[in-house]
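The values are calculated or read from the model by the stated rules, or taken from the named source; none is laboratory data. Given the structure is predicted, the values throughout are model-derived calculations rather than measurements. Positions of Cβ are generated from backbone atoms using ideal geometry, with glycine treated the same way; all protein chains shown enter the neighbour counts.
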Amino acid sequence: MFGVKGWVKIFSFTQPRENILKYSPWLLRKNGQTQTKEIKVTGGQRHGSAVVAELDGITDRDAAAALMGWEILIHRNQLPLTNAGEYYWADLVNLAVETETGIKLGKIDHLLETGANDVLVVIDGETERLIPFLQEQTVLKIDLAAGIMIVDWDPDF
């Protein structure tokens, strides 16, 4: 029913999932391309574990199918400002990670969401470290301007 009208079924990482519909326009990107195309969200709703969305100019099944596999991005200024000590994951990716004593552990490649806490995936060449994102415990300092995170972590682990 949704595809016939040109609506697209999406998977959202927002909490709750349907919050993705609050952001418009979307920037659509396929296969990690640097260029994106902008599209306005005109409607949508939660549908099971996914979300269906109505997009401006997408009015039939073929147009909707052409968007399969595209990633949804938004402009940074569409996000609410963070409070002190709060960070968006995108702010943390690519930060250099060092111990308190200055031992370089690598850079944050991505984060994993777990039931207990988020986990930093820090990569240095062939070495991959999983470091719990626990502020004031394992994560001692984050300096976005300097591009560094200081952690309390055994470099041999």
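Tabulated results
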quantity	calculated
Flag for Ile108 being closer than 30 Å to Gln135 by Cα, surrounded by 13 or more Cβ atoms within 10 Å (Cβ to Cβ), among the β-branched types (Val, Ile, Thr) and modelled with pLDDT of 95 or more	yes
Subset of the stretch 130-157 (residues that are over 18 Å from Leu111 (Cβ atoms) and small (Gly, Ala, Ser))	Ala145, Ala146
Any hit, the stretch 111-128, residues being within 28 Å of Gln15 (Cα to Cα) and more than 21 Å from the chain's Cα centre (by Cα)	no
Residues that are among the β-branched types (Val, Ile, Thr), in a strand (DSSP E or B) and in contact with an Asp or Glu (Cβ under 9 Å, 6 or more places away or on another chain), drawn from the stretch 41-85	Val41, Thr42, Val51
Every pair of residues 6+ apart whose Cβ atoms lie under 7 Å, when the first sits in the stretch 27-44 and is surrounded by 11 or more Cβ atoms within 10 Å (Cβ to Cβ) while the second is part of a loop (DSSP other than H, G, I, E, B) and polar (S, T, N, Q)	Leu27/Thr36; Leu28/Thr36; Arg29/Thr36; Lys40/Ser24; Val41/Ser24
Among (1) closer than 13 Å to Gly69 by Cα; (2) over 16 Å from the mean Cα position of the chain (by Cα); (3) in a loop (DSSP other than H, G, I, E, B) - the single one Asn31 does not satisfy	(2)
Residue ID - surrounded by the most Cβ atoms within 10 Å (Cβ to Cβ), chosen from residues in the stretch 17-26 that are assigned to a loop (DSSP other than H, G, I, E, B) and in contact with a strand residue (DSSP E or B) (Cβ under 6 Å, 6 or more places away or on another chain)	Ser24
Filtered residues of the stretch 117-131 (kept if assigned to a loop (DSSP other than H, G, I, E, B) and surrounded by 13 or more Cβ atoms within 10 Å (Cβ to Cβ))	Asn117, Asp118
Residue satisfying all of: in the stretch 55-64; over 22 Å from the mean Cα position of the chain (by Cα) and either touching a residue at least 12 places away in the same chain (Cβ under 8 Å) or surrounded by 12 or more Cβ atoms within 10 Å (Cβ to Cβ) (or both); nearest to Tyr88 (Cα to Cα) among these	Asp56
Number of positions in the stretch 86-116 that are among the β-branched types (Val, Ile, Thr), more than 29 Å from Pro25 (Cβ to Cβ) and in a loop (DSSP other than H, G, I, E, B)	3
Options Leu73, Leu134, Leu67, Leu92: the member that is within 30 Å of Lys9 (Cα to Cα), at pLDDT 95 or above and surrounded by 13 or more Cβ atoms within 10 Å (Cβ to Cβ)	Leu92
